[in-house]
Amino acid sequence: KVPFTKTALTFADQLQRIKDRGLHVEDDKKAIFLLETISYYRLSGYWYPMLETPKHTHIFKPNSSFNSSFSLYCFDRELRKLINGELEKIEVAIRAKMIYILSHTYGGFWFTDNSLFVDANKLGATIKSLKKEYDRSEEEFIPIAPLLDYV
């Protein structure tokens with residue numbers, strides 16, 4: 001293993017480093033703000049396609065710009081939000097269908113039947129965790145709460 005020997009850089013030093021490596025920075029103040037709020041490391045993933053080969057030299061290709069990399073970051077962020085929103089809909093739909101099928105096949109307390117689960121210990125741990133969250137919660141309405149008494 002290679003020991004970690006890098007020293008921490010100020011935001012100004014980080015900005016200078018990417019400039020020295022050939023990244024065109026259109027607006028220093030904006031770049032510093034983004035380094036402060038997003039981080040050098042997170043942004044560096046969007047700089048990667050802009051690096052010359054071999055990548056380990058960290059030299060940017062001609063015409064690489066900070067604004068272009070930030071645009072990639074923004075696109076990725078928006079795409080992630082869209083995908084996560086749709087994944088949540090799919091997850092809820094699958095859960096609804098699963099609960100419907102299991103309830104009609106095995107009854108309303110199907111989740112208490114250890115034989116329906118691959119790992120009864122994990123089921124027990126999940127139920128214990130649900131009970132703990134229920135006891136901790138101050139919510140007035142928790143639909144699963146009465147069912148936990150049957151486990």
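The numbers here are math on the coordinates, done by the rules we state, and not lab data. Since the model is a prediction, treat every value here as computed from it, not as a measurement. When we count neighbours, we look across all protein chains shown, and the Cβ atoms used for this are built from the backbone with ideal geometry, even at glycine.
Here are a few things to note about the model shown:
- Near Met50, once Lys and Arg are set to +1 and Asp and Glu to -1 for all other residues with Cβ below 13 Å from its Cβ, the sum equals +2.
- 22 Å Cα-Cα reach of Lys89 towards lysines, excluding residues that sit fewer than 8 places from it in its own chain: Lys81, Lys97
- Charge dipole (debye, nearest 20) of the stretch 45-141; +1 at Cβ of Lys and Arg, -1 at Cβ of Asp and Glu: 300
- Exposed chymotrypsin sites (Phe, Trp or Tyr not before Pro) absent - longest run of the chain, DSSP non-H/G/I/E/B, at most 15 other C-beta within 10 Å: 5-108
- Around the amide H of His24, modelled in the peptide plane, lie the amide H atoms of Ser64, Ser65, Phe66, all under 5 Å away and 5 or more residues distant in sequence or on another chain.
- Sparse-neighbour loop sites [GluC sites (Glu not before Pro); the stretch 1-61; at most 11 other C-beta within 10 Å; DSSP]: Glu26
- Relative contact order, whole percent, for the chain stands at 16, derived from Cα pairs under 8 Å and 6 or more residues apart.
- Cα convex hull volume per residue for the stretch 27-124 (Å³): 189
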